[in-house]
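Below is one structure, written out as structure tokens; comments come after it.
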Amino acid sequence: MSSPDPQVRAARNQSTNPAARGPVVAVTGAASGIGALLTERLAASEEIKQVIALDERRGECAAAQWHILDVRDPAIAEKLRGADVVVHLALDLDLETDPAARTAYNVRGTQTVLTAAAAAGVHRAVLCTSAMVYGALPDNELPLSEDAELRATAEATGVGDLLEIERLARRAPRAHPGLNVTVVRPAVLVGGGTDTALTRYFESPRLLVVAGSRPAWQFCHVEDLCSALELAVLEKVDGELAVGCDGWLEQEEIEELSGIRRMELPSAVALGAAARLHRIGLTPSPAGDLAYTMYPWVVSGSRLHDAGWRPRWTNEEVLAELLEEVAGRHTVAGRRLGRKDATAAGAAGATVALLGAAAVVRRARKARRRI
């Protein structure tokens, strides 16, 4: 017999013996992306009493109680009243967003949510950052433990914001006694429309490989992230949690599985060109993003494993889904190309196009000087 519709089950759960069931959970950023997936999952769970959904627009989950507002609005404290747990997923990591505006939203939003949660009597906050906060470095252990030092810098897209959120998480229990904070750090996230510099790497006609680098690829499917977040919501695991597929793929395996050939460049050439193109506004990705394709930042996920959690997806399966999602898209140095541009870039490869763009810029500058 098939299970009941999630909305029917959620309504039934709220109407029968509510005192015997689990927490009331608030989710920010609930209308789209991971927030929407988690909201649906929690609303369908028999272990969750009620879901409060917060976003700037109403989402599709009819079983949730919706509040429409900006997470930076202090009025959010009133909307959180009665919640036991808040999962904060209202983050802007869009490559095209102005960096200053992105930081203002992400940091101020997290500050407001944590303060409001404490004021409303919420006893647990669950934040989601990224395993990128560990940094991608040539001497990283394989894999990294959750307790590994956070050695990332603010040079990659959004990583500075994530490091500040991590600092807020560490300070929160001291600033707000009684509020426990769990931080979940996923590996390269795939699925649910996720669009990052790392997913765009696989939209290039050639995979840029920096000479002398030692990349190791670990993915995390959004479904596995949601199951880990649910475990944190139910207080079956806490602290700082890393989540991803078991193990990792070497660059050679990535190339074999994807069928995309590499284009190898010296470090100085690749980093210099990437920095130059970003500085003049031709590409959204700063040079710091390249480090995460050069060096390992694989995580063990030991705390989740100790709690009995296991990923449903393998790295190979997630890579296959990623390649299916990005099929037909064309990206060079993090910038999406239209069909006409993509035809021009063609088999020359992402790196050649990157260097070609740099040459175009130099020619344009010379032309302006001659005028």
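Of all residues in segment 318-331, those satisfying the criterion of being touching a residue at least 40 places away in the same chain (Cβ under 8 Å) and assigned to a helix (DSSP H, G or I) are 318, 319, 320, 321, 322, 323, 325, 326.
Does residue 312 count as farther than 17 Å from residue 204 by Cα and assigned to a helix (DSSP H, G or I)? The answer is no for residue 312.
Let's see how each residue does on (1) modelled with pLDDT of 55 or more; (2) acidic (Asp, Glu); (3) open to solvent by less than 40 Å² (accessible area, probe 1.4 Å); (4) over 30 Å from residue 241 (Cβ atoms):
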| position | (1), (2), (3), (4) |
| --- | --- |
| 297 | yes, no, yes, no |
| 306 | yes, yes, no, no |
| 312 | yes, no, no, no |
| 319 | yes, no, yes, no |
| 334 | no, no, yes, no |
| 342 | no, no, yes, yes |
| 359 | no, no, yes, yes |
| 368 | no, no, no, yes |
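Only one of 119, 125, 136 is small (Gly, Ala, Ser) and part of a loop (DSSP other than H, G, I, E, B); which?
136
Going by the conditions given, is residue 301 out of contact with any Ser or Thr (no Cβ under 8 Å at 6 or more places or on another chain), modelled with pLDDT of 55 or more, open to solvent by less than 20 Å² (accessible area, probe 1.4 Å) and not polar (S, T, N, Q)? For residue 301, the condition - out of contact with any Ser or Thr (no Cβ under 8 Å at 6 or more places or on another chain), modelled with pLDDT of 55 or more, open to solvent by less than 20 Å² (accessible area, probe 1.4 Å) and not polar (S, T, N, Q) - is met. Among the criteria (1) of a type in the set (A, V, I, L, M); (2) in contact (Cβ under 8 Å) with a residue 40 or more places away in the chain; (3) more than 30 Å from residue 262 (Cα to Cα); (4) surrounded by fewer than 22 Cβ atoms within 10 Å (Cβ to Cβ), the one residue 163 does not fulfil is (2). Out of curiosity, is residue 235 open to solvent by 30 Å² or more (accessible area, probe 1.4 Å), on the phi > 0 side of the Ramachandran plot and either modelled with pLDDT of 95 or more or hydrophobic (A, V, I, L, M, F, W, C) (or both)? In short, yes.
May I ask you to verify whether residue 223 is buried (at least 21 other Cβ atoms within 10 Å of the Cβ), touching a helix residue (DSSP H, G or I) at 6+ places or on another chain (Cβ under 8 Å) and of a type in the set (Asp, Glu)?
no
The residues of segment 248-273 that are assigned to a loop (DSSP other than H, G, I, E, B) and surrounded by 15 or more Cβ atoms within 10 Å (Cβ to Cβ), listed by number, are 248, 260. The criterion of at least 3 residues that are at pLDDT 95 or above, of a type outside the set (Phe, Trp, Tyr) and open to solvent by less than 60 Å² (accessible area, probe 1.4 Å) is met by the following strands (runs of 3 or more DSSP E) wholly inside segment 1-109: 24-28, 50-55, 85-88. Please go through segment 140-160 and pick out each residue that is open to solvent by less than 20 Å² (accessible area, probe 1.4 Å) and of a type in the set (D, E, K, R). Listed by number, the list holds a single entry, 146. Annotation note: Cβ proximity below 9 Å between a residue of segment 27-53 that is within 17 Å of residue 190 (Cβ to Cβ) and a residue that is open to solvent by 40 Å² or more (accessible area, probe 1.4 Å) and modelled with pLDDT under 95 (sequence gap 6+ or interchain) occurs for 32/192; 32/193; 33/192; 33/193; 34/192; 36/192; 37/192.
The values are calculated or read from the model by the stated rules, or taken from the named source; none is laboratory data. Given the structure is predicted, the values throughout are model-derived calculations rather than measurements. Note: ideal-geometry Cβ built from the backbone for every residue, glycine included; neighbour counts use all protein chains shown. Heads up: the accessible areas ignore ligands, DNA and RNA and are worked out on the full protein's heavy atoms, side chains in. Shrake-Rupley method; radii C 1.70, N 1.55, O 1.52, S 1.80 Å.
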